[in-house]
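> Starting off with a structure, shown below.
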Amino acid sequence: MRSVRAASLGFALATMTATGAVAQVVCPFDTRRLSFAGTAIEQARCLLSPVLIRGGIGARPARLGPTLERLVGSEVRLDREALRRKLQDAGLSQMADMLGQPVSRTLSGAPALYYVIHDTSQKYSGTQFPDNADPGLNRLGFKKRGEYVAHVFINRLGNVLVGHDIAVPWRATQLELRTGVSTRGRFIHVEHNQPRLRDPANSRENDNLAPRPGLTDAQYDRSALTYIWASARAGRWLIPAFHAVLDKGFGTHDDPQNFDLPAFDAAVGRHVPPMR
Ligand SMILES: [Zn+2]
């Protein structure tokens, strides 16, 4: 489905598709404030609405998990040395070394504010998902036109690749494409490897079926560390967001599928170092 943006300024409320149908934006984005509507917590609740099969969007959670409810949007006050050691112990020495560096900013100077969760939607034939240790499924760092498509990649085994440091403004959504360069730098993009199968209930060629839960324990664990690392660099706990929710009305994305928000919340809670 190709869609054409109808609202050019202020809140983008709906978009007109090529066939004339109106696709509703789930969480309206304000192009002047470079943020979605509401407080940081309200934005996170909207942007973490579950992504259903074929890119449908479910009811937004009334509350995030206890850790995210406590943290999102607030100033990061944690023991940085403890976080640096934790990253090193997890084998993430590149991230540990970059802990003192800033995050990306937009052209107008607005710092990164969103932690965008993607899955790689790797299509397999047959009716069985590959084993989580499958080498092809754990390939790290997808590229388009010679460039990594996201900042960070996390495979099924919890191995992490930083494709672009998060100081680099990098686009990976239709929303950023359609709002031009003004939003570049506001979003940090994290890809999680995930296998997909064809859904036989859909007669057309597709990659709709995803495992449940969508990610492995190792991926929730490493994504939580990545979220803490990125937030510590931003100085404020980032607003987590699902790609398909952010882009609803602009594109046809369906990622991430079957993301276990309580598992992510618990992993963040496990890893947050002592507060200052
Ligand atoms: Zn995506």
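The values are calculated or read from the model by the stated rules, or taken from the named source; none is laboratory data. Because the structure is a prediction, the values reported are computed rather than measured. Here the Cβ is made from the backbone with ideal geometry for all residues, glycine too, and neighbour counts use every protein chain on show. Just so you know, the surface numbers come from the protein's heavy atoms only, side chains and all, with ligands and any DNA or RNA stripped out. Shrake-Rupley method; radii C 1.70, N 1.55, O 1.52, S 1.80 Å.
> Given the criteria farther than 27 Å from Asn208 by Cβ and open to solvent by 20 Å² or more (accessible area, probe 1.4 Å), does Leu107 qualify?
Working: farther than 27 Å from Asn208 by Cβ: yes; open to solvent by 20 Å² or more (accessible area, probe 1.4 Å): yes.
It is true that Leu107 is farther than 27 Å from Asn208 by Cβ and open to solvent by 20 Å² or more (accessible area, probe 1.4 Å).
> Then there is this: Those residues that are in contact with a strand residue (DSSP E or B) (Cβ under 7 Å, 6 or more places away or on another chain) and within 13 Å of the ligand (Cβ to nearest atom), I need them from segment 174-185; list them, please.
Passing the criteria: Gln174, Leu175, Glu176.
> Considering only strands (runs of 3 or more DSSP E) fully contained in segment 138-192, which possess at least 2 residues that are open to solvent by less than 20 Å² (accessible area, probe 1.4 Å) and of a type outside the set (A, V, I, L, M)?
On the way: elements: 152-154, 160-162, 187-192.
It comes to 187-192.
> A further question on this structure: In this structure, does Leu71 turn out to be within 23 Å of Gln219 (Cα to Cα), open to solvent by less than 20 Å² (accessible area, probe 1.4 Å) and touching a Phe, Trp or Tyr at 6+ places or on another chain (Cβ under 7 Å)? Let's see the steps before the verdict.
On the way: within 23 Å of Gln219 (Cα to Cα): yes; open to solvent by less than 20 Å² (accessible area, probe 1.4 Å): yes; touching a Phe, Trp or Tyr at 6+ places or on another chain (Cβ under 7 Å): yes.
Yes, satisfied.
> Additional query: Which numbered condition trips up Lys123, out of (1) within 16 Å of the ligand (Cβ to nearest atom); (2) surrounded by 15 or more Cβ atoms within 10 Å (Cβ to Cβ)?
For Lys123, the exception is condition (2).
> Are there any pairs with C-beta distances below 9 angstrom linking a residue in segment 41-55 that is more than 10 Å from Ile239 (Cβ to Cβ) to a residue that is in a helix (DSSP H, G or I) and open to solvent by 10 Å² or more (accessible area, probe 1.4 Å), with the two at least 6 apart or on different chains, and if so which?
Here the result reads Pro50/Leu261, each pair linking segment 41-55 to a residue that is in a helix (DSSP H, G or I) and open to solvent by 10 Å² or more (accessible area, probe 1.4 Å).
> Can you confirm whether Gly91 is on the phi > 0 side of the Ramachandran plot, away from the ligand (no atom under 16 Å from the Cβ) and open to solvent by 40 Å² or more (accessible area, probe 1.4 Å)? Break it down stepwise before answering.
Numbers: on the phi > 0 side of the Ramachandran plot: yes; away from the ligand (no atom under 16 Å from the Cβ): yes; open to solvent by 40 Å² or more (accessible area, probe 1.4 Å): yes.
Considered against the rule, which asks whether it is on the phi > 0 side of the Ramachandran plot, away from the ligand (no atom under 16 Å from the Cβ) and open to solvent by 40 Å² or more (accessible area, probe 1.4 Å), Gly91 comes out as yes.
> Further question: Mind listing whichever residues of segment 111-120 are more than 16 Å from the ligand (Cβ to nearest atom) and either open to solvent by less than 20 Å² (accessible area, probe 1.4 Å) or among the polar types (S, T, N, Q) (or both)?
Initially, segment 111-120 is screened for residues more than 16 Å from the ligand (Cβ to nearest atom), giving 111-113.
The answer is Ala112, and nothing else.
> Take the residues in segment 225-276 that are open to solvent by 10 Å² or more (accessible area, probe 1.4 Å) and of a type in the set (Gly, Ala, Ser); name whichever of them is nearest to the ligand (Cβ to nearest atom).
Only one residue tops the list, namely Gly251.
> While we're here: Output the qualifying pairs, or none if there are none: Cβ atoms under 8 angstrom, residues six or more apart or on different chains, first residue in segment 246-263 and over 17 Å from Glu176 (Cα atoms) and of a type in the set (S, T, N, Q), second residue open to solvent by less than 20 Å² (accessible area, probe 1.4 Å) and near the ligand (Cβ under 9 Å from one of its atoms).
Listed by first residue and then by second, the contacts come to Gln257/Asp119.
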